[in-house]
Amino acid sequence: MSLPLRQVEMEPVYGLFHYLFTSAYGMFFRGEVEGQAQLPQEGGFLIAANHASFLDPPMIGAQVSRQLAFFARKTLWRGGFASWWLDTVGTIPVDRDGGQDVNAIKRVLGALKRGRGLILFPEGTRSPDGQLREPKAGVGLIACRAQVPVVPARIFGSFEAMGKGQPLRLGTPVNIVFGPPIFPSEYDDARAGKARYPLASERIFERIAALQEPQRPVI
């Protein structure tokens with residue numbers, strides 16, 4: 001069951017689009033949302049979720065009453081309105097083909113230190129079939145360096161609503177569940193050496209995979 005959002009201060013443009021995406025979710029994709037009480041009300045934190053659609057970031061962000069930051073590949077910055085919008089809402093560009101993007105990591109750590117939340121997708125890219133894929137080490141690297149709580153989230157139905165290479169299907173219910181925060185002592189093993197970041201990613205992704213789809217109440 002969806003809980004009412006406790007609105008907090010957001011920058012004007014972000015707040016406007018948060019309202020629009022929240023309204024669009026309620027009108028065209030309304031499903032069940034559980035676990036919003038698990039989201040921290042202050043301080044930096046990560047949301048780590050599965051990824052099956054371009055709809056995932058705005059749909060998850062619409063359920064969070066705090067302003068979040070997002071990752072997006074650098075190639076989306078092509079000038080014009082799109083680039084302005086990405087910059088204005090605090091999107092962090094990342095070079096997916098350049099290995100470890102040091103500048104992107106610095107910007108992420110800076111946002112977290114300022115008390116901002118950030119959505120990450122451990123799989124790195126959209127699933128081609130809606131099924132969970134192996135996590136990459138990136139989310140573990142950021143979590144271990146930032147030492148912040150990680151809220152696992154799982155989105156159900158977004159692949160059916162607009163999967164990779166598929167058209168948008170309005171009216172498809174999309175369900176979202178947030179799990180209890182995972183703290184650094186649970187995901188970070190500094191003694192693991194080179195396996196530290198992949199291990200952290202695996203531990204975080206296990207919590208995502210364990211989340212069950214919310215069920216609509218029977219009336």
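The values are calculated or read from the model by the stated rules, or taken from the named source; none is laboratory data. Bear in mind that the values here come from a model prediction, so they are computed numbers and not experimental data. A quick note on method: Cβ atoms are made from the backbone with ideal geometry, for glycine too, and the neighbour counts reach across all protein chains shown. With ligands, DNA and RNA removed, areas are computed over all heavy atoms of the protein, side chains included. Shrake-Rupley method; radii C 1.70, N 1.55, O 1.52, S 1.80 Å.
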Practice item. Scan (1) surrounded by fewer than 18 Cβ atoms within 10 Å (Cβ to Cβ); (2) in contact (Cβ under 8 Å) with a residue 24 or more places away in the chain; (3) more than 30 Å from Met27 (Cβ to Cβ) for the single condition Arg207 breaks and write down its number. Key: (1)
Study note, to complete from the structure: Given the conditions (1) touching a residue at least 60 places away in the same chain (Cβ under 8 Å); (2) in contact with a strand residue (DSSP E or B) (Cβ under 9 Å, 6 or more places away or on another chain); (3) more than 21 Å from Arg107 (Cα to Cα); (4) of a type outside the set (Gly, Ala, Ser), every one holds for Ile182 apart from (1)
Practice item. Considering every residue within segment 196-206, establish whether at least one is under 14 Å from the mean Cα position of the chain (by Cα), of a type in the set (A, V, I, L, M, F, W, C), under 22 Å from Arg107 (Cα atoms) and outside any helix (DSSP H, G or I). Key: no
**Study point:** Selected residue (only one of Phe71, Phe54 is of a type in the set (Phe, Trp, Tyr), crowded, with 19+ Cβ neighbours inside 10 Å and closer than 23 Å to Leu16 by Cβ)
**Key:** Phe71
Check your understanding: How many residues are modelled with pLDDT under 95, assigned to a loop (DSSP other than H, G, I, E, B) and within 19 Å of Ala209 (Cβ to Cβ) if we restrict to segment 137-175?
Key -> 1
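Per-residue answers, yes or no, for (1) on the phi > 0 side of the Ramachandran plot; (2) among the charged types (D, E, K, R); (3) in contact with a Phe, Trp or Tyr (Cβ under 9 Å, 6 or more places away or on another chain); (4) in a loop (DSSP other than H, G, I, E, B):
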{"site": "Met59", "(1), (2), (3), (4)": "no, no, yes, no"}
{"site": "Ser65", "(1), (2), (3), (4)": "no, no, no, yes"}
{"site": "Arg78", "(1), (2), (3), (4)": "no, yes, no, yes"}
{"site": "Ser83", "(1), (2), (3), (4)": "no, no, yes, no"}
{"site": "Gly110", "(1), (2), (3), (4)": "no, no, no, no"}
{"site": "Asp129", "(1), (2), (3), (4)": "no, yes, yes, yes"}
Check your understanding: Looking at (1) assigned to a loop (DSSP other than H, G, I, E, B); (2) open to solvent by 10 Å² or more (accessible area, probe 1.4 Å), which is the only condition Ser185 fails?
Key -> (1)
Practice item. Considering every residue within segment 23-36, establish whether at least one is within 14 Å of the chain's Cα centre (by Cα), closer than 17 Å to Leu118 by Cα and open to solvent by 10 Å² or more (accessible area, probe 1.4 Å). Key: yes
Study note, to complete from the structure: Reported set for segment 154-180 where residues are farther than 19 Å from Ser65 by Cβ, surrounded by 19 or more Cβ atoms within 10 Å (Cβ to Cβ) and among the hydrophobic types (A, V, I, L, M, F, W, C) is Phe156, Phe159, Ala161, Met162
Check your understanding: How many residues are open to solvent by 40 Å² or more (accessible area, probe 1.4 Å) and of a type in the set (Gly, Ala, Ser) if we restrict to segment 188-204?
Key -> 3
